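What follows is a single structure, written as structure tokens, with notes after it.
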Amino acid sequence: MTRRVLSVASECVPLLKTGGLADVVGALPKALADHDWQMRVMMPAYPGLIERLATDPEILWTDADLFGGTANILGGKVDGIDVVLLNAPHLYDRPGGPYSGPQGDYWDNAERFAALSWAAAAICKAGLGDGWKPDILHAHDWQGGFAPAYVRYMKAPVKTVITVHNIAFQGHADPAKLAALRLPPEEFRADALEYYGALSSLKAGLVAADAITTVSPTYANELMRPEFGMGLQGVIAARAATVSGILNGVDTEVWSPSKDPELAPYSAAKMAGKAKNRAALIKEFGLGEVPGPLAIVVSRLTAQKGIDLIPGALDEFLGRGGGLIVLGSGEAALEGAVAQAARGRPDRIGVMIGYDEALSHRMFGGGDAVLVPSRFEPCGLTQMYGLAYGTVPLVAATGGLADTVIDANPAAVSAGVATGLTFHPTDGLAFGQAMRRLCALYEDRKTWSKIQRNGMKQNLDWSQSSARYAALYESLLDA
Ligand code: ADP
């Protein structure tokens, strides 16, 4: 019997993406269908999204007053995904991004995403106009955080899951908004909605949900420690029995070197194409000869991602023949630092500030190694693209990076299981040492190519992850 799950999120590929959350939300419906779970994705109808539905939108729910204006829910399909868009122009119809405009974060973000969560809980209670009613509500991050709480207040007959994609974003709001957000005043307690005097929608979800997941087993453990929990470690530790880590998968339709339209095709069995892609990438960025490893970075340029560690390691890395190509955008100081490095050594360093999917594919196809020196990393996708593309990941041993890359220490190399390089802690010293090991490993051509092939043979698609989500949903219904 097919069972139903309502996924509540603020982003979903292909409709809107600002980070890895959107990839997960867009991939899960297709992956879960193999396990007899029908997922609908509920998200705000940001400007232009309704027009992108492949089917005529169907009105499935209406509300005369959803947090200050009329709202309806429009159902349709996009790329085979069932989506339900919450159309509430007073909350979502504005120029700018999903969370902020030219003036910074929207003043009413609490209301905007409480409305999404409230409507989701109402659907869990009463169903949609076409008779569709979920068995499970699956909320994502702070934007969906109030949904499991509203489910409890409304006594809606569903089980709830909340997934933490990044604990850094917690949905803090002024407690004066409690009534406006339709939250019971007696819930403003340290063991419920209150977070150091403020409201936190993420905490609301962590306290109310039947199960908590995050996107890797290591991050699940890290979240219970003060260095990573960002104030919520106690809340999560108190619910340890309900916490699990499920790694994200990779969309192998989009990320496979044998069928990537941006590349000369190659595979673990036939690697010749990779050298052609390397030469093309070096030419595209106008670099000179790069006798050592050509490292790439495809990332938000932020402190979380450890980008500030890179400039300090460059002199020695270039001295050993290395080259670097960076694609990303983010904090001005970090954009400036990488651009300055490129100006100093245009023969070895290329930088593109911006967001460019096609270029990111050419970089994974042509690079020798991908650098991911994150201070924390819930799951991380680029190290997995690196594995799939034979672009050896050099990563900080944290979160999902630690769960997906096996360090090329002598024991792992001799056992034939190494897939990359890991370092710890995330500081300049350890990163510099890892870059030195990268150069040495690159010179050992036989070991290098074994490591590349080990990575390319990993099963990174969504099959294992979706099986674990399906098992989790089933265990909640059986409980
Ligand atoms: P996060 O969600 O924290 O930014 P992830 O590694 O989980 O990190 O996901 C980032 C996603 O965004 C990956 O798919 C990565 O390839 C992509 N990405 C990041 N920056 C860029 C960029 N400048 N151009 C193209 N793709 C990018």
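Some values worked out for this structure:
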read-out	value
Per-region count, the stretch 443-471, residues closer than 30 Å to SER7 by Cβ, open to solvent by 30 Å² or more (accessible area, probe 1.4 Å) and touching a residue at least 24 places away in the same chain (Cβ under 8 Å)	6
The stretch 177-190 residues that are in contact (Cβ under 8 Å) with a residue 12 or more places away in the chain and under 15 Å from ASN109 (Cα atoms), paired with ones that are acidic (Asp, Glu) and open to solvent by 80 Å² or more (accessible area, probe 1.4 Å) (beta carbon under 8 Å, 6 or more apart)	none
Selection within the stretch 121-142 - open to solvent by less than 10 Å² (accessible area, probe 1.4 Å) and in a helix (DSSP H, G or I)	ALA121, ILE123, CYS124
The stretch 320-332, subset touching a residue at least 60 places away in the same chain (Cβ under 8 Å) and in contact with a Lys or Arg (Cβ under 8 Å, 6 or more places away or on another chain), residue farthest from the ligand (Cβ to nearest atom)	ARG320
Residue in the stretch 333-353 that is farther than 13 Å from ARG300 by Cα, within 9 Å of the ligand (Cβ to nearest atom) and either open to solvent by 30 Å² or more (accessible area, probe 1.4 Å) or not small (Gly, Ala, Ser) (or both) present	no
Any hit, the stretch 142-163, residues being within 24 Å of the chain's Cα centre (by Cα), under 25 Å from ASP36 (Cβ atoms) and among the small types (Gly, Ala, Ser)	yes
Any hit, the stretch 355-374, residues being touching a Pro at 6+ places or on another chain (Cβ under 9 Å), away from the ligand (no atom under 12 Å from the Cβ), in contact (Cβ under 8 Å) with a residue 24 or more places away in the chain and part of a helix (DSSP H, G or I)	yes
Residue in the stretch 395-403 that is part of a loop (DSSP other than H, G, I, E, B), hydrophobic (A, V, I, L, M, F, W, C) and in contact with a His (Cβ under 7 Å, 6 or more places away or on another chain) present	yes
Count of the stretch 242-271 residues which are open to solvent by 30 Å² or more (accessible area, probe 1.4 Å), acidic (Asp, Glu) and touching a helix residue (DSSP H, G or I) at 6+ places or on another chain (Cβ under 8 Å)	2
Test for ASP427: is it in contact with a helix residue (DSSP H, G or I) (Cβ under 8 Å, 6 or more places away or on another chain), open to solvent by 20 Å² or more (accessible area, probe 1.4 Å) and within 16 Å of the ligand (Cβ to nearest atom)	no
Leading residue by the ranking (surrounded by the fewest Cβ atoms within 10 Å (Cβ to Cβ)) among those in the stretch 272-307 that are in a helix (DSSP H, G or I) and within 16 Å of the ligand (Cβ to nearest atom)	GLU284
Identity of the residue in the stretch 380-399, of a type in the set (Gly, Ala, Ser) and within 23 Å of ASP260 (Cβ to Cβ), that ends up nearest to the ligand (Cβ to nearest atom)	GLY380
Tally, over the stretch 167-182, of residues that are under 29 Å from the mean Cα position of the chain (by Cα) and of a type in the set (A, V, I, L, M)	4
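Yes or no, residue by residue, for (1) closer than 30 Å to ARG3 by Cα; (2) in contact with a strand residue (DSSP E or B) (Cβ under 9 Å, 6 or more places away or on another chain):
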| position | (1), (2) |
| --- | --- |
| THR163 | yes, yes |
| ARG182 | yes, no |
| PRO185 | no, no |
| VAL207 | yes, no |
| ALA211 | yes, yes |
| GLY231 | no, yes |
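The values are calculated or read from the model by the stated rules, or taken from the named source; none is laboratory data. These numbers come from a predicted model, not from an experiment. In this analysis, Cβ positions are derived from the backbone assuming ideal geometry, glycine residues included, and neighbour counts consider all displayed protein chains. What goes into the accessible areas is simple: the full protein's heavy atoms, side chains included, and nothing from ligands, DNA or RNA. Shrake-Rupley method; radii C 1.70, N 1.55, O 1.52, S 1.80 Å.
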